[in-house]
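S.K.: Shown below is the structure under consideration.
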Amino acid sequence: MLVPVLVVILALWMLGCGYAGYTRRFGLFFAVAALGIGLNTLWMMIGLDARPFSPPALMAHAAAVLYALCALATGWLAGRLARSWRNSRVDAE
């Protein structure tokens with residue numbers, strides 16, 4: 001039951017990063033990313049009894065940063081496509 005909960009939390013976190021990219025709010029992205037990485041560190045320390053600077057934990061931090069950047073880039077691209085789509089509308093005269 002724990003793994004599905006963690007997957008849902010990851011998906012919600014990535015949606016937050018993607019939303020920040022979609023709306024081009026990079027300050028929000030840094031806040032959401034920092035919160036997620038902080039919670040990830042807390043989970044590893046409490047739930048997995050890991051040291052935060054051990055090699056596996058650092059690899060998990062690197063993966064979280066890459067997940068966040070990919071979600072940001074995907075949201076930014078989706079926002080750019082949506083804005084371009086709206087701007088290319090032909091007005092009937």
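The values are calculated or read from the model by the stated rules, or taken from the named source; none is laboratory data. Since the structure is predicted, the reported quantities are computational estimates derived from the model, not experimental observations. Reconstructed Cβ throughout: ideal geometry from the backbone, glycine too, with neighbour counts over all protein chains shown. Accessible surface areas use protein heavy atoms only, side chains included; no ligands, DNA or RNA. Shrake-Rupley method; radii C 1.70, N 1.55, O 1.52, S 1.80 Å.
S.K.: Just name the residue that is modelled with the lowest pLDDT out of those in region 35-89 that are among the charged types (D, E, K, R), open to solvent by 100 Å² or more (accessible area, probe 1.4 Å) and outside any loop (DSSP other than H, G, I, E, B).
M.R.: R86
S.K.: Right, here's the next one. Residues that are open to solvent by 30 Å² or more (accessible area, probe 1.4 Å) and not in a helix (DSSP H, G or I): does region 10-23 have at least one?
M.R.: Checked region 10-23: at least one residue is open to solvent by 30 Å² or more (accessible area, probe 1.4 Å) and not in a helix (DSSP H, G or I).
S.K.: I would also like to ask the following. In region 24-34, which residues are touching a residue at least 40 places away in the same chain (Cβ under 8 Å) and part of a loop (DSSP other than H, G, I, E, B)?
M.R.: Result: R24, single match.
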